[in-house]
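Written out below as structure tokens is the structure these notes cover.
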Amino acid sequence: MSEQNKHKRPKYTLEFKKDAAKLVNEKGYTHQQAADNLGVSLGAIGRWVRAEKGPTVSVTKKAILNLTDQSELTRLRKEVEQLRMEREILKKAAVFFAKELQ
């Protein structure tokens, strides 16, 4: 699929997601009303509302993380990937310099 044909998903801030969930949880909006008013998909509102209700056990017995935990998990995964890449570079540099000394 070409780059032009890919549908780019919008990025929403954690604060926006929490506020959207509050419309349903605290203000009494229906999922549909919140989705229409904010211009987001019905599925996105549903996910955000479920995430804000806290950890629950789903059918597959996985814990669902709240939005704050999801954000931290995403940040930590990026950090781990960065550290792995740096470690690989350092390994290659160590091998290179070890060969130079011989």
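Read-outs: derived from the displayed coordinates by stated rules, not from any lab. Every value quoted in this text rests on a predicted model; they were computed, and no experiment measured them. A quick note on method: Cβ atoms are made from the backbone with ideal geometry, for glycine too, and the neighbour counts reach across all protein chains shown.
For the reader, a short list of remarks on this structure follows.
- For the range 31-42, putting each phi into the Karplus relation 6.51 cos²θ - 1.76 cosθ + 1.60 with θ = phi - 60° gives couplings of 4, 5, 4, 5, 4, 5, 5, 9, x, 10, 6, 4 Hz, in residue order, rounded to whole numbers and with x for Gly and Pro.
- Sum of side-chain charges, MET85 neighbourhood, beta-carbon under 14 Å (Lys, Arg +1; Asp, Glu -1): +2
- For the listed peptides 26-36, 77-87, a ranking on the average number of other beta carbons within 10 Å per residue, highest first, reads 26-36, 77-87.
- For the chain, calculated [θ]222 nm from helices alone, where every DSSP H run of n ≥ 4 adds -39500 (n - 2.57): -21500 deg cm²/dmol
- Residue pairs, from the table LYS8/LYS53; LYS27/LYS53; LYS11/LYS78; LYS17/LYS53; LYS22/LYS53, whose Cα atoms sit over 21 Å apart: LYS8/LYS53
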